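Enquirer: Once you've had a glance at the structure underneath, I'll fire off some questions.
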Amino acid sequence: MRKLVIAISMLALAASAALADPILDRQALMKERGKIVGGISKVAKGEEPFDAAAVLTQLQALQANAEKIDVDALFPAGSDTGDTTAAPKIWEDMAGFKAANDKYVADVKAAVAAAPADVDALKAQVGAIGSDCGTCHQGYRVKKG
């Protein structure tokens, strides 16, 4: 009986995952990413005090977020229509989009590995990460209104 309950639970979970909305999923991840980057940016700009442990925690959260981006799952064919700001260029240049995402993930991982010891080191890391964000926003995102 226990095995049957587990099997049914696994099937229900798989079915709910199959019904997930890639547009809503990627928007949720990007919204989370924006909040994390916003917090890190405030420290880099001097709007909040630098605390090495807190910054590292935020960078680790950013890395966890970055690693959740599965381009194939979140940007499948047909998810370019509806309530999305994903540009058609994503599907026209999937290799370039994946390369841009891979660079972003690598830069976030490097920032975590380097664990900035002061605000100047953080500024350099935020610059690299921000450049990656800008690349995607300029090339692979439709500008809002």
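The values are calculated or read from the model by the stated rules, or taken from the named source; none is laboratory data. Owing to the predicted nature of the structure, the values given are computational and were not obtained by experimental measurement. Cβ placement follows ideal geometry from the backbone for every residue including glycine, while neighbour counts extend to all protein chains displayed.
Enquirer: Conditions first: (1) of a type in the set (V, I, T); (2) assigned to a helix (DSSP H, G or I); (3) within 23 Å of A28 (Cβ to Cβ). T81 passes all but one, so which condition is the exception?
Expert: (2)
Enquirer: If I go through the stretch 101-141 residue by residue, how many of them are over 15 Å from Q63 (Cα atoms) and under 17 Å from the mean Cα position of the chain (by Cα)?
Expert: Number of matching residues: 10.
Enquirer: Oh, and also: Which residue pairs have Cβ atoms under 7 Å apart, sit 6 or more places apart or on different chains, and have a first residue in the stretch 93-112 that is closer than 23 Å to A77 by Cβ and touching a residue at least 24 places away in the same chain (Cβ under 8 Å) and a second that is surrounded by fewer than 16 Cβ atoms within 10 Å (Cβ to Cβ) and among the hydrophobic types (A, V, I, L, M, F, W, C)?
Expert: Partner pairs satisfying both residue conditions: F97/V71; K98/V71; N101/V71.
Enquirer: Let me ask something else. Whether any residue in the stretch 105-119 is within 30 Å of K45 (Cβ to Cβ), of a type outside the set (A, V, I, L, M, F, W, C), part of a helix (DSSP H, G or I) and modelled with pLDDT of 95 or more is what I want to check. Walk me through it before giving the result.
Expert: Our first condition is that a residue be within 30 Å of K45 (Cβ to Cβ); within the stretch 105-119, this holds for 105-119.
Narrowing the set further to residues that are of a type outside the set (A, V, I, L, M, F, W, C) leaves 107, 109, 116, 118.
Now drop any that are not part of a helix (DSSP H, G or I), which leaves 107, 109.
Subset that is modelled with pLDDT of 95 or more: 107, 109.
Yes.
Enquirer: Here are some conditions: (1) loosely packed, with under 10 Cβ neighbours inside 10 Å; (2) at pLDDT 95 or above. A18 meets all but one. Which one does it not meet?
Expert: Condition (2) is where A18 drops out.
Enquirer: Failed condition for I69, given (1) part of a helix (DSSP H, G or I); (2) within 26 Å of G82 (Cα to Cα); (3) among the β-branched types (V, I, T), with all others met?
Expert: I69 satisfies every listed condition except (1).
Enquirer: Then there is this: Hey, among the residues in the stretch 66-82 that are surrounded by 11 or more Cβ atoms within 10 Å (Cβ to Cβ) and touching a Phe, Trp or Tyr at 6+ places or on another chain (Cβ under 8 Å), which one's farthest from D132 (Cα to Cα)?
Expert: Among them, the one singled out is D80.
Enquirer: Starting from residues that are without any contact (Cβ under 8 Å) to a residue 24 or more places away in the chain and under 16 Å from A115 (Cβ atoms), keep the ones in the stretch 42-81 and report whichever is farthest from the chain's Cα centre (by Cα).
Expert: As a first pass, look at the stretch 42-81 and keep what is without any contact (Cβ under 8 Å) to a residue 24 or more places away in the chain: 42, 45, 47-49, 51, 53-54, 57-58, 64, 70, 72, 77-78, 80-81.
Next, from what is left, pick out any that are under 16 Å from A115 (Cβ atoms): 51, 53-54, 57-58, 64.
Values: D51: 23, A53: 22, A54: 19, T57: 16, Q58: 13, A64: 8 Å.
By that ranking, first place goes to D51.
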